[in-house]
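Before any comments, here is the structure.
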Amino acid sequence: MNVAMDADSLATLKFGIGQPVPRKEDPTLLQGQGRYTDDISLSGQLYAVIVRSQVAHGRILSIDTETAAAMPGVLGVYTGADLVAAGFGLMPKGLAFKNRDGSDMAKPDQLPLTTDFVRYVGDPVAFVVAETQMQARDAAEAVMVDIDPLPAVTEPALAVEPGAPQLYPNVPNNLILDYHYGDAEGVAKAMSAAAHVTKLRIRNNRIVVAQMEPRSAIGEYDPATDRWTLRLGCQGVFGMRQMLSSVLGAKTGNIHVLTGHVGGSFGMKASLYPEYLCALHAGRALGKPVKWTDERSDSFLSDSHGRDHDFTAELALDEDGKFLALRLNGFGNVGAVMSNSTPQPSTLNAVKNSIGVYRTPLLEVNTKIVFTNTTPVGPYRGAGRPEANYYMERLIDTAAAEMGIDRIELRRRNHIAADAFPYRTPSGNDYDSGDFPALLDHALALADWDNFSTRRTESRKRGKLRGLGVGQYLEVTAPPGAEMGGIRFEPDGAVTIITGTLDYGQGHATPFAQVLSNQLGVPFDKIRLIQGDSDQLIAGGGTGGSKSIITSGGAIIEASGLVIDKGKKIAAHVLEAAEIDIEFSGGRFNIAGTDRGIGIMELAAKLREGMQLPPDMPTTLDVAHIYKGAPSSFPNGCHVAEVEIDPDTGETEVVRYSMVNDFGVVINPLLVEGQAHGGIVQGIGQALRERVVYDEDGQLMTGSFMDYCLPRAVDAPSFAFDAHSVPARTNLLGAKGCGEAGCAGALPSVMNAVVDALSEFGIRHIDMPATPEAVWAAIAAART
Amino acid sequence: MSKQHVTTTINGEPAEFLAEPFMSLLDALRDEMHLTGSKEGCGSGDCGACSIIVDGRLVCSCLMLAVEAEGHEIITIEGVANGDELHPVQRKFLEHAALQCGYCTPGLIVATKALLDRHPNPTETEARYWLAGNLCRCTGYDKIIRAVMDAAAEMRGVTA
């Protein structure tokens, strides 16, 4: 049977899985037509400005709002007491972990706005609403907050000491969680019996997320329907609505969350922040929409920070360099207030991700999660995954140097073999697939590893030190969870995907449409995506942990199957055939063995026009499905960084960067490569430039882009990128999450390269960020 | 404070608006002229998200007062494309997927246009230094630089 390919089928191939399809939203964004929250102006909209604590710790004696309230244009000045009086409840308590003794972690009650103590510089204490932004800003300056200052503590190791300032009366020693995982006895035995133990203290520096779009929200309330509406940038409207429900004491059906374009987030915008509740409260109190948009100077204080762990890492090896045991002991600084995933990065994610691509039979992780008088710490690209890989990879390079074993050879001796899958790690993960030795070889070839000495000699002629570093990572991504797969055939001939992940730059609309186009043969350009309207969702896990293509992609595949099931019934009726004889392929329902059939778009059009159907027949092809989710995926790869250091200034430049990644089945290589690039430069930023600094009083010293060194175009290298895909066996697409992998490869490869360049001075370790000052000081100290 | 009347040219069209003396040109563009393509990323001239071209010069509109626009010619992101036809720089950004969240993108497009209007044949290093005033947290800059070099070649009539 020869059936000519119709235009729809050809379009499907062009936009099929694996094609580098440009992004659907780009013509809009490239012309400045994006609709980020602050670009929206609602009729009658008012403006809110937040009043924040200027001290890191203290008791609130009084908040005088009278002067501000009398200023021109001011319609309301509110404090935490007003929110309590209005019935606003406690902030969500987030994840639950157990202490080593089995007891629950501490979870102090936290109001949206504090009423008794301030605990960090930037802690919101009041807010002003006025007719214009400028009026609100002026009046916010006039709110008099009288605070009796208390001593502050910013370092977790100091915060747990006896006599340290206490942030919450019911959290002794500021210790939220005394976390333990693993076989302590077995690890101790292995350590004492080992031929060699490598030990490093590694600081995981605190990072400002610095997404380019400051947070913004517009709050409204409609008394006629008793409905709240919140417009904001977030990482998933379904989960945001759930969190709002608990604080507002409202049913989820009475809350509408809307998200348009989101200008970056990297984990940070996933949390429910107090400012959103302020906008909602004022929206109800004043009967008008209230917009709040952060200013960058406040963003540095009020957006959750990332990282900030302090670990002592130990690796035990036998005389041949075989890994025997890994132990991490340290602290996770979570700042002054819990965010919704606060304890996870330095506990569970350290456990899961420190194992990486190596056979290490024994693992122990001990983490003290501690409050300090600093900005709350939340998830940031990888949320503990890249850092755990970093700890392991630094240990391996150090052990190799200490034992006189080549660092590549040491990795090869310990790789999990390509035929070892499924492989159960001591962290309880079941790796399904991978080829770690081959990835290492592939990356070394791409990086021209063998000819490095020629390049080092050339650098030396110019007075530069040159170093080469490898970072082989494996991340445990895509935490399992349910996700909506909705498919709707619209009156205008479009097909809408409805799902509850939410992209803040990833470009979901395109790969999701590629998946749908592949499954149903629907033309790519007819496919739209709804992701940011909570009224449209029956489930939604949001985006985070590199999971969107796995959860939403899987949801779309299952939903497509249901569309086909419905379509076969209807097509059988239309074609006057038995349902069992209907086959679906290439976007057409055909009677098997004949050339008679009907295309899915044509069938949808017939249904729209209205046709007589038997009573038991589906009347649309539409599906609203909940996909139960898939197990975690294990993206991995090997990055090779090459740096040049000027020994006179300490300035480090990444001069070559090569990577080979296993992201399983790649839906859209154009987008996936971009995800890797972005993650790597964030990693380079953390490794070489970025660092949050507090003074002893808890004042933020790095509160602007002049003081906080975000990588710019001149700081970033060009990339060599190769794929080495081994399809995942545990999800419908065979995909492995790519979103956070760049950081995971970059931290170890860059820092191993820096240490390699400095090794001639006998330097074995340098902490991130390897700023010019830090590198220069290390060289100077080594020379004396 | 009384508002001042400002007469200017925006994207080739005569434009006038009222501005308070302390209002930034960025706020005037966004709030008075409803041209929301220019973004505020920092308000202090460090990020370049608000980049516009004033009389051929690349400017952070957050650092310029609205009243200073009097009599000047302004190009914003909304004026870069030719109607529905994307400017070569925009098209190359699309082809290379040189944007992710898109928030810094208007500034980068405008800054790139300003570069290529002046220097049609930049080296990669020159392009990186020219664009060093535009922060992007998403892309890692690699695709941006490739798009810029590709657009420059195309605009010079060279096949890349």
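The values are calculated or read from the model by the stated rules, or taken from the named source; none is laboratory data. Bear in mind that the values here come from a model prediction, so they are computed numbers and not experimental data. Positions of Cβ are generated from backbone atoms using ideal geometry, with glycine treated the same way; all protein chains shown enter the neighbour counts.
When segment B:11-42 is filtered for residues that are away from chain A (no Cβ under 11 Å) and of a type in the set (F, W, Y), only B:F17 remains.
Note on segment A:204-256: residues that are surrounded by 24 or more Cβ atoms within 10 Å (Cβ to Cβ) and either assigned by TED's automatic domain parsing to the domain that holds A:Y708 or of a type in the set (S, T, N, Q) (or both) amount to 3.
Candidates are the residues of segment A:502-513 that are out of contact with any Ser or Thr (no Cβ under 7 Å at 6 or more places or on another chain) and crowded, with 24+ Cβ neighbours inside 10 Å; the one that is nearest to the other protein chains (Cβ to nearest Cβ) is A:G505. Restricting attention to segment B:99-129, the residues that are assigned to a helix (DSSP H, G or I) and either under 17 Å from the mean Cα position of the chain (by Cα) or among the β-branched types (V, I, T) (or both) add up to 18.
Can you name every residue in segment A:227-250 that is under 17 Å from A:G94 (Cβ atoms) and not small (G, A, S)? Write out each step before concluding.
Of segment A:227-250, the ones under 17 Å from A:G94 (Cβ atoms) are A:234-236, A:238-247.
Passing the criteria: A:C234, A:Q235, A:F238, A:M240, A:R241, A:Q242, A:M243, A:L244, A:V247.
Please tell me if A:T499 is surrounded by 22 or more Cβ atoms within 10 Å (Cβ to Cβ), among the polar types (S, T, N, Q) and closer than 30 Å to A:L747 by Cα. Taking the combined requirement at face value, the residue does not satisfy it.
Please go through segment A:586-607 and give me each residue that is free of Cβ contacts under 8 Å to residues at least 40 places away in the same chain and within 46 Å of the chain's Cα centre (by Cα), ordered by number. Those that are free of Cβ contacts under 8 Å to residues at least 40 places away in the same chain and within 46 Å of the chain's Cα centre (by Cα): A:F589, A:N590, A:G597, A:I598, A:E602, A:L603, A:K606.
Residues in segment A:674-717 that are among the hydroxyl-bearing types (S, T, Y) and surrounded by fewer than 21 Cβ atoms within 10 Å (Cβ to Cβ): A:T702, A:S704. B:T7 falls short on exactly one of the conditions (1) more than 19 Å from A:L30 (Cβ to Cβ); (2) within 14 Å of the chain's Cα centre (by Cα); (3) polar (S, T, N, Q), and that condition is (2). Taken over segment A:484-513, the residue count meeting the criterion of being outside any loop (DSSP other than H, G, I, E, B) and either more than 11 Å from A:R528 (Cα to Cα) or in the same structural domain as A:E673 (by TED's automatic domain parsing) (or both) is 4.
Among residues of segment A:376-388 being under 17 Å from A:T312 (Cβ atoms) and over 11 Å from the mean Cα position of the chain (by Cα), the one that is surrounded by the most Cβ atoms within 10 Å (Cβ to Cβ) is A:A388. Restricting segment B:130-160 to residues that are assigned to a helix (DSSP H, G or I), touching a Pro at 6+ places or on another chain (Cβ under 8 Å) and farther than 21 Å from A:D715 by Cα, the residue that is nearest to the other protein chains (Cβ to nearest Cβ) is B:A151.
Checking the stated criteria, B:S38 turns out not to satisfy the condition of being among the polar types (S, T, N, Q) and more than 16 Å from B:I75 (Cα to Cα).
Of all residue pairs spaced 6 or more apart or on separate chains, those with beta-carbon atoms under 6 Å, a first member in segment A:254-273 that is farther than 19 Å from A:S304 by Cβ and a second member that is among the acidic types (D, E) and not in a helix (DSSP H, G or I) are A:N254/A:D226; A:L258/A:D533. Consider segment A:712-760 and keep the residues that are in contact with a Leu (Cβ under 8 Å, 6 or more places away or on another chain) and outside any helix (DSSP H, G or I). The one that is farthest from the other protein chains (Cβ to nearest Cβ) is A:H724. Within segment A:206-235, the residues that satisfy the criterion of being out of contact with any strand residue (DSSP E or B) (no Cβ under 9 Å at 6 or more places or on another chain) and at negative phi are A:Q211, A:M212, A:P223, A:A224, A:T225, A:Q235.
Would you mind finding the one in A:I556, A:I538, A:I626 that is part of a loop (DSSP other than H, G, I, E, B), modelled with pLDDT of 95 or more and within 30 Å of the chain's Cα centre (by Cα)?
Values: A:I556 fails: part of a loop (DSSP other than H, G, I, E, B); A:I626 fails: part of a loop (DSSP other than H, G, I, E, B).
Result: A:I538 is the single residue among A:I556, A:I538, A:I626 that is part of a loop (DSSP other than H, G, I, E, B), modelled with pLDDT of 95 or more and within 30 Å of the chain's Cα centre (by Cα).
Yes/no per residue for (1) within 14 Å of chain B (Cβ to nearest Cβ); (2) out of contact with any Pro (no Cβ under 6 Å at 6 or more places or on another chain):
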position: A:T115; (1), (2): no, yes
position: A:V153; (1), (2): no, no
position: A:P172; (1), (2): no, yes
position: A:D178; (1), (2): no, yes
position: A:G182; (1), (2): no, yes
position: A:V209; (1), (2): yes, yes
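Within segment A:407-424, does at least one residue satisfy the condition of being surrounded by fewer than 20 Cβ atoms within 10 Å (Cβ to Cβ), touching a strand residue (DSSP E or B) at 6+ places or on another chain (Cβ under 8 Å), assigned to a strand (DSSP E or B) and assigned by TED's automatic domain parsing to the domain that holds A:Y473? There is at least one residue in segment A:407-424 that is surrounded by fewer than 20 Cβ atoms within 10 Å (Cβ to Cβ), touching a strand residue (DSSP E or B) at 6+ places or on another chain (Cβ under 8 Å), assigned to a strand (DSSP E or B) and assigned by TED's automatic domain parsing to the domain that holds A:Y473. Only one of the numbered conditions (1) assigned to a loop (DSSP other than H, G, I, E, B); (2) under 30 Å from A:F512 (Cα atoms); (3) within 23 Å of the chain's Cα centre (by Cα) is violated by A:F705, and that is (2).
On the given criteria, is A:V118 within 24 Å of A:S341 (Cβ to Cβ) and modelled with pLDDT of 95 or more?
On the way: within 24 Å of A:S341 (Cβ to Cβ): yes; modelled with pLDDT of 95 or more: yes.
Taking the combined requirement at face value, the residue satisfies it.
Report yes if A:D697 is away from chain B (no Cβ under 14 Å) and more than 29 Å from A:D397 (Cα to Cα), otherwise no. It is true that A:D697 is away from chain B (no Cβ under 14 Å) and more than 29 Å from A:D397 (Cα to Cα). Whenever a residue of segment A:278-290 is more than 18 Å from A:V247 (Cα to Cα), its partners that are of a type outside the set (G, A, S), lying with C-beta atoms within less than 6 angstrom and at least six residues away or across chains, give the pairs A:L286/A:L75; A:K288/A:L46; A:P289/A:L42; A:P289/A:Q45; A:P289/A:I218; A:P289/A:E220; A:V290/A:L46; A:V290/A:V129. Quick check on my filter: what residues within segment B:43-99 are more than 8 Å from chain A (Cβ to nearest Cβ) and touching a Pro at 6+ places or on another chain (Cβ under 8 Å)? Result: B:S51, B:L65, B:V67.
Okay, residues lined up against (1) within 14 Å of chain B (Cβ to nearest Cβ); (2) at pLDDT below 95; (3) buried (at least 17 other Cβ atoms within 10 Å of the Cβ):
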| site | (1), (2), (3) |
| --- | --- |
| A:D39 | yes, no, yes |
| A:A48 | no, no, yes |
| A:T67 | no, no, no |
| A:G76 | no, no, yes |
| A:G87 | no, no, no |
| A:G94 | no, yes, yes |
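Scan segment A:333-350 residue by residue and report those that are modelled with pLDDT under 85 and touching a helix residue (DSSP H, G or I) at 6+ places or on another chain (Cβ under 8 Å). It would help to see each step written out before you state the result.
Step one: of segment A:333-350, the residues modelled with pLDDT under 85 are A:339-342.
Once the filter is applied, which keeps residues that are modelled with pLDDT under 85 and touching a helix residue (DSSP H, G or I) at 6+ places or on another chain (Cβ under 8 Å), segment A:333-350 yields A:N340, A:S341.
Check A:T28 against each of (1) farther than 30 Å from A:A513 by Cα; (2) of a type outside the set (G, A, S); (3) surrounded by fewer than 16 Cβ atoms within 10 Å (Cβ to Cβ) and name the one condition it does not meet. If we test A:T28 against (1) farther than 30 Å from A:A513 by Cα; (2) of a type outside the set (G, A, S); (3) surrounded by fewer than 16 Cβ atoms within 10 Å (Cβ to Cβ), just (1) comes out false.
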